[in-house]
1. Quick one: putting +1 on the C-beta of Lys and Arg, -1 on the C-beta of Asp and Glu, what dipole do you get for the chain around its Cα centre, in Debye to the nearest 20?
2. How do Leu125, Leu71 stack up against each other in accessible area, from largest to smallest, with a 1.4 angstrom probe?
3. Can you list which of the trypsin sites (Lys or Arg not before Pro) found in the range 188-274 are DSSP loop residues with at most 10 other C-beta atoms within 10 Å?
4. Using a probe of 1.4 angstrom, how much of the accessible area of the chain is carbon and sulfur, in percent?
5. Any chance you could check the Cα centroid distance between the range 94-137 and the range 149-181 for me, in angstrom?
6. Could you tell me how many degrees, from 0 to 90 and to the nearest 10, lie between the Cα long axis of helix 70-80 and the main elongation axis, the longest principal axis, of the Cα atoms of the chain?
7. Helix 100-109 versus the longest principal axis of the chain: what angle, 0 to 90°, nearest 10, using Cα atoms?
8. Please compute the Cα-Cα pair-distance distribution of the chain with 5 Å bins starting at 0, giving whole percents from short to long.
Amino acid sequence: MATFKEFRNKVKPNWCPGCGDFTVLASMQRAFANLGKEPEEVAIVSGIGCSGRIAGYVNSYGFHGVHGRSLPIAQGLKLANRDLTVVASGGDGDGFAIGMGHTVHAIRRNVDITYIVMDNQIYGLTKGQTSPRSEMGFKTKSTPNGSIEAAISPMEMALTVGAGFVAQTVSSDLKGMTAVIEAGIKHKGFSLINVYSPCVTYNKINTYDWFKQNLTSLDDIEGYDPSNRGKAMQTLMEHNGLVTGIIYQNSERPSYEELIKGYKEEALVKQDLNLTEDQFDRLISEFA
């Protein structure tokens, strides 16, 4: 059985010292090991941005895609090779701006993958512009007088479009994040995990101290039930989305794969796809 150290490779991350993405990387590696995965059983697909580099920092299969397009690649990969544990990753700009259409439809489709968003509420790699997660009044190079746009609420959005697993955590909580990632991977269907991952270089508002003062753990809310979708939405609205833990989980909803007629669990490369002449003729006749 692989240890978390075996999910490390020799590529040194070049994130800024103190970046929250370091903890996301460590949590992913620990989660894979805790779940008994081997490096060759895991594939990570990432987009563009600081967070997009994470696919190259894990000793596993990795694919560094283009901006906002990690989800279609990850879904195709999972459907082609069902043996793989597939994790898509990106930033809030990647997933909630250019990639928002893919995010919504991936949630709706419910392929069995896990999507981890590293939410620093700013564009970091391009040197500090406002993102869809920046609050109104947020001053950056692109909004020197303060943003006049409302920030998107990704957890509420996920619930409204039918997500089966919605969770949120913060980079200062290695143990909690690891547990959430493990739960997301074990969930049968699409899992959305938003991680507050502070940008220590360009975001001087949403800092580690700010999150410590403003986040509420769902474990501290007496009687909270993550299977209650209405209560999940109410709790998010009451706390302005600033909660951590498993917000909602529907274990009864079938995954996309389970709804495909004739779906086979084994990977396509292991299936006997050779058609007889009669089978081929019948297939062609269906399109005649």
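1. Details: 28 positive and 31 negative charges, 189 e Å.
Its charge dipole is roughly 920 debye.
2. Leu125, Leu71
3. Sparse-neighbourhood loop trypsin sites (Lys or Arg not before Pro): Lys261.
4. Here it works out to 53 percent.
5. Each part reduced to its Cα centre gives a spacing of 11 Å.
6. That helix lies at roughly 30 degrees to the long axis.
7. 50 degrees
8. Percent of Cα pairs in each bin: 1, 6, 12, 16, 19, 16, 12, 8, 4, 3, 2, 1, 1, 0.
The values are calculated or read from the model by the stated rules, or taken from the named source; none is laboratory data. Remember, it's a predicted structure, so these values are computed and weren't measured experimentally. Backbone-built Cβ (ideal geometry, glycine too); neighbour counts: all protein chains shown. Ligands, DNA and RNA are excluded from the accessible area calculation, which covers all protein heavy atoms including side chains. Shrake-Rupley method; radii C 1.70, N 1.55, O 1.52, S 1.80 Å.
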